[in-house]
Structure formats: structure tokens, C-alpha cells
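The structure appears below as C-alpha cells.
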Amino acid sequence: MREAPQPNRFRDSWAGTINAQRAGDEVLLAGWVHRRRDHGGLIFIDLRDRSGLIQLVFHPESAGGAFALAEALRPEHVVTVRGTVERRDAVNVNPNLATGEVEVAVVEAQSLAESETPPFAIDEDTPVDETLRLRYRWLDLRRQGMLDAMLTRTHIVRTMREVLDRRDFLELETPILTRSTPEGARDFLVPSRLTPGTLYALPQSPQLFKQLFMMAGYERYYQIARCFRDEDLRADRQPEFTQLDLEMAFVEEDDVIETMEAVMGAVFEATGFGVPAAPWPRLSYDEAVARFGNDRPDTRFGLEIHDVGALVAGSDFKVFQGVLDSGGVVRALNAGAREMSRSELDGLNEVVQIHGAKAVAPIYVEAGGWAGNLAKFFTPEQIAAVNAELGATDGDLLLFVADQPKTAAASLGALRLHLGERFGLIPEGRHDALWITDFPMFERDESTPARPRWAALHHPFTAPRGDLDDPESVLSRAYDLVLDGVEIGGGSIRIHTPEVQRAVFAHLGLDADEAQERFGFLLEALRFGAPPHGGIAMGIDRIAAIISGRDSIRDVIAFPKTASGADPLTGAPAPVDARQLRELGLQSLTTPPATGA
Ligand code: ASP
């Protein structure tokens, strides 16, 4: 707490800030009964408010009225108390509590509200089922861990605002009821009552509006923006989430990257999260995929992937040779001197099979050569060359995957992370931020195999780098920021001429009429003097989760949905009255479940 509260009839001080300097002061405090202990005629209560805890003592002789009230108090009752700050005897000092040197001898107490017995204890010691926590979220939010997460979140957002304000950004809002803004997910739709049969879409991001701000000449915009994406169930996604959304005019990649390094550098510093100072390393997409198997590499440990196809070409090992002959690759990583049982090694197959590979070939290095059955298929020169490439020495475990490039990369990438976790390879307290650049502009849209098409890897408004007529190899001017192996943000330099924008739409399978119908307003705005511009968006929930050391973003969102998109607190999503549907000109084809949850 930075300031004492304005005194009123409930309180004049924050409970958690009272220390020995205030010994002798009379204080007025308000909050919740955290814990209550009867002790040979005295009653002790830990009083909790947002600032922390303080011990109250109730004496039966000197303050009979207050004592009588204290006898009736139970956890989570709400009280206001007046009393004197007293030093505790040395033996009673609690070094784990900020207020542990003192206690408040209560002279007067008033009950403000009672509480039913909570369904779980308001402490950090008792593990509580998550659905129960979400059902009683207002109680869960009283627990210290959730409060800490909310404080961290506040701190993060405040720091972002401070840096951007200093840099003359405008904080502007954009509509929630709007038209579809494609970010690769399904839209949430809101039927219009005034024009039945038409629908608004909730924004997947403020992408097009922030570009229009640039065309309006506002040059530097940001917003703490809520985004909505109707995605299929995937671990740790939320249908609505919060981004720091930002856009700048007359800029190139370096300008946006420098701005975000200033913002995130300040966030890490403010939250005491030890990331090395910016500028952060930049890695091209191709290099990231080749060395780490994916475009969000966790660079906090080694085990990098090497292409050994050229070194083993021509061997007698049919599996490798067959893959090489069919345009595939053979890649490997040196897991180091790791002893793994046969069944553990077999278990590695499951890790890669999720990514479509058939199996991992494990080989131990022994006496400068390879142990086991596979060695006989390779010449001593091949073995020596692979060992040299992988920096392998006796006792090292080498893991090979032979497959098509994408599958091999993803498989070894997963294997690498699995081993990193299994053997605790990430040094305690180490955090890495890095940029990924030079993404492909397009990827094949696999969703309609019969009608192969291109999809934008970032989004359709990203500027291309290179020859648009060669969709296979054209790159985009996009960049992602990766923290500890997690993508925490991404953005790009945008297309700012109608011709290029139309050409990109055409590659994505939108003919001129469709493009006009869906994005006519953008194409039109691009004809009225659009400056070069670019921006980025950062995932605030994810950043807060990493900084708070939480596995799930649900632990840093005050009122999240479950993994199936439900809210056990309010029962959303829920059926609505038939009358509401009628007004919207809607009729449901399915009978909703009995409860909304
Ligand atoms: N709108 C993009 C997103 O939400 C970010 C950006 O390109 O600025 O991912």
C-alpha cells in the first residue's frame, strides 16, 4: 500500500502495514476474520484486509464488550475494530508476518457482516478442486495466491501504460460489436435485434481498427484489449483473453521491436523477473525450427537438433535411406550422458508419435563408436562424422528421427522439451526472451484437402517480403516474442497499399467480390493515403502466468472459464427466454442442457 486510507468510520489504517513504529498508536481497522484462537481467557484473531494480516487480542477484563463479540466471530466474518498497537513479547514475535512484531489490543469491535462456513479454507495450504474454486470464485480470490496474481497483473499493465504514455502513445478503444476480424479462429456472433437476420462478430483482435487509427494519422496507439476467439478445446486457452495491442505509423520492424523491448524490459524489471537486458536475440523462423524443432524455442537449455542426413546418406540402414530417398530428412540430438532404461527409451516413441513420427532410434556412444544393433549398418567414417557433428563423447545418448522435414522437426522439438523436463535441464531462475523473424507468409490450408489453398501464417494484413507470386517461399514481415519457450506476443509490418492487399486476398482464395464484401472498408481506407505502419500484440494473461510462475492462465484471470468454455460461477453459457430468441428472430435447433454450466 502506498498511502494510508482516508480515515472513515470503518478504518484509518491498513492492517498489513502496521509495524513497531506505530507502537502506542490507536488504530481503526476493518476486514475479515482470517483465523481465530481461544487462549486461556484471551481470544486472538488474525484480521485480514487487502494489505495483509495483523493479530488482534481481545482481553475479557479490559474490553468486555469486544471480547463478547469476539467469542461469536467465525472465519470470514467482517468486522471493524478500534485498539492500541502494542509490541509483542520477544518470544511471540512472528518473523513470517510483516506485522509480526506487534498486535492490536482491541478496545471496541463491531460486527459488519457474518459469513456462512466457506466451502474451503481461505488459505494456501489446502488444495482445492478447480471447479469448486471457480464456482466460489469470490472466495478463491480472497486467497493470498490469487491476490498476488492480481497484484502482479496490475503491476504489469500499469508498467505497460507508463512506458507507452512516456512514448506519446494514445490509449484508444475500439468496438466490441463489430464485423469479423480474421485471426484464424471462429468468431463469436451476436444477433442484431434491430436488423433481424444480421449479426455482429466479437473482435478476435482490434487489428483492422488499429490500422485505421494509423490511416487516421494517430501514429501511436495502444489498448489493453479484450479479444474473443471461438476455438476448439485446447489446453489452457480462454474464449476471451487480454492483449496489449499496439500500432505505430512510419515504422519498420526494428522500431516496433525496440518499443516492445522497452515495454517488456520495464515489465520484467518492475516484477523482478530475471530476463537479460534487451536487445534480445533474433532468430529466423527457419533457424528456430531447424535447431529447436518449433517457432517458440525454449533456449534455456541445449540439446539442439542437427541435420545428419548428408552424413548418413548411403548407409545400409534401410529406414534412414528410405526416408532420404523420399525427400525426407534424418535429424538427431545429443541428449548427453543419460542413462535410460529400455522401457524409458521405448516411451520416447510415444512422445514423437503425437507429432506423426513412427519412432525414435536411440544410440549410445561407446568407445568412440556406437553401441547396439544399429552400428553395423554404418561405416566407421559415418559414425565418426555424426559423433563430431553432435559433439558426442562416450556415454552420450543420441536420438534420431527420420521423417518428412516438418514431422522430424516437431518430433525432435517435443523430444527435446521432454528430456529438458525429465532431466531438469532448465537452470533455476533462468529466463530467456527472443524474437522470431522471417516467417513464411503463407502455409498450406490443410482443412480442405480436396481444394488445397493458402492460409496466412500470421494474418492477411501482414506485409510480404519477397515475391508474392511465389507463395511457397515468400516471407512475411512478422515477428513473435518468445519467453521461456512460450509465444507471448506477435505482430508485423502491415500492407499499406490496396494493390498488395488485394493480391494477398487473392492468394488466400478471396476473389475481388468477396474481398470487397468483407474488407471493402479497409481496401477503401488504403486508397486515401495510408502511411507505412506496423504493430504488435502481447498476451497479458500468458505473461502474467509466466511471471507469477503459474502453469495455467486461469490462475491469473479473475473470472475465467473452464477448459470447456463454461463459467461455473454464473452458469454461462445459458439458455435464454423464448421471448428473447423471438425478438432476435431466432429459433434453437437443439434443446439446451438443463443447466447452463
Ligand atoms: N492482431 C494480431 C494478433 O492478435 C497482432 C498484431 O498483428 O498486431 O495476434
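Taken together, the values in this text are just the output of simple stated rules run on the coordinates, not laboratory data. Just so it is clear, the model here is predicted, and its values are computed rather than measured. Quick reminder, even Gly has a Cβ in these numbers, built from the backbone with ideal geometry, and neighbours come from all protein chains shown.
In table form, for the structure just shown:
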read-out	value
Test: residue in region 462-472 that is in contact (Cβ under 8 Å) with a residue 40 or more places away in the chain, over 17 Å from Leu522 (Cα atoms) and either assigned to a strand (DSSP E or B) or within 14 Å of the ligand (Cβ to nearest atom) (or both)	yes
Whichever residue in region 163-188 is farther than 19 Å from Leu246 by Cα and of a type in the set (A, V, I, L, M, F, W, C) and, among such residues, is farthest from the ligand (Cβ to nearest atom)	Leu177
All positions within region 51-61 that are hydroxyl-bearing (Ser, Thr, Tyr) and over 25 Å from Trp14 (Cβ atoms)	none
Hits in region 473-494 - residues which are acidic (Asp, Glu) and either more than 11 Å from the ligand (Cβ to nearest atom) or surrounded by 20 or more Cβ atoms within 10 Å (Cβ to Cβ) (or both)	Asp480, Asp484
Criterion: touching a His at 6+ places or on another chain (Cβ under 8 Å), within 26 Å of Leu246 (Cα to Cα) and hydrophobic (A, V, I, L, M, F, W, C) - qualifying residue of Ala277, Ala270	Ala270
Per-region count, region 190-211, residues more than 13 Å from the ligand (Cβ to nearest atom), more than 16 Å from Leu586 (Cα to Cα) and not small (Gly, Ala, Ser)	1
Failed item in (1) within 34 Å of the chain's Cα centre (by Cα); (2) buried (at least 17 other Cβ atoms within 10 Å of the Cβ); (3) in contact (Cβ under 8 Å) with a residue 60 or more places away in the chain, with Gly52 passing the rest	(3)
Scan of region 546-573 for residues that are touching a strand residue (DSSP E or B) at 6+ places or on another chain (Cβ under 9 Å) and assigned to a loop (DSSP other than H, G, I, E, B), ordered by number	Ile557, Phe559, Pro560, Lys561, Gly565, Ala566, Pro573
Cβ-Cβ under 9 Å pairs, at least 6 apart or on other chains, region 494-513 side among the polar types (S, T, N, Q), far side in a helix (DSSP H, G or I) and away from the ligand (no atom under 16 Å from the Cβ)	Thr497/Leu526; Gln501/Ala515; Gln501/Leu523; Gln501/Leu526
Residue ranges of strands (runs of 3 or more DSSP E) in region 155-269 with at least 3 members among the acidic types (Asp, Glu)	240-249
Given (1) touching a Leu at 6+ places or on another chain (Cβ under 8 Å); (2) crowded, with 21+ Cβ neighbours inside 10 Å; (3) over 26 Å from Asp432 (Cα atoms), number of the condition Gly293 does not satisfy	(3)
Residues of region 139-158 satisfying the condition of being within 14 Å of Arg554 (Cα to Cα) and of a type in the set (A, V, I, L, M, F, W, C)	Leu141, Met146, Leu147, Ala149, Met150
Unmet criterion (only one of (1) within 16 Å of the ligand (Cβ to nearest atom); (2) farther than 30 Å from Phe301 by Cα; (3) surrounded by fewer than 20 Cβ atoms within 10 Å (Cβ to Cβ)) for Thr497	(1)
Among (1) closer than 22 Å to Phe250 by Cα; (2) surrounded by fewer than 20 Cβ atoms within 10 Å (Cβ to Cβ) - the single one His533 does not satisfy	(2)
Restricting region 241-268 to residues that are surrounded by fewer than 18 Cβ atoms within 10 Å (Cβ to Cβ) and either touching a Cys at 6+ places or on another chain (Cβ under 6 Å) or without any contact (Cβ under 8 Å) to a residue 60 or more places away in the chain (or both), the residue that is farthest from Thr462 (Cα to Cα)	Glu261
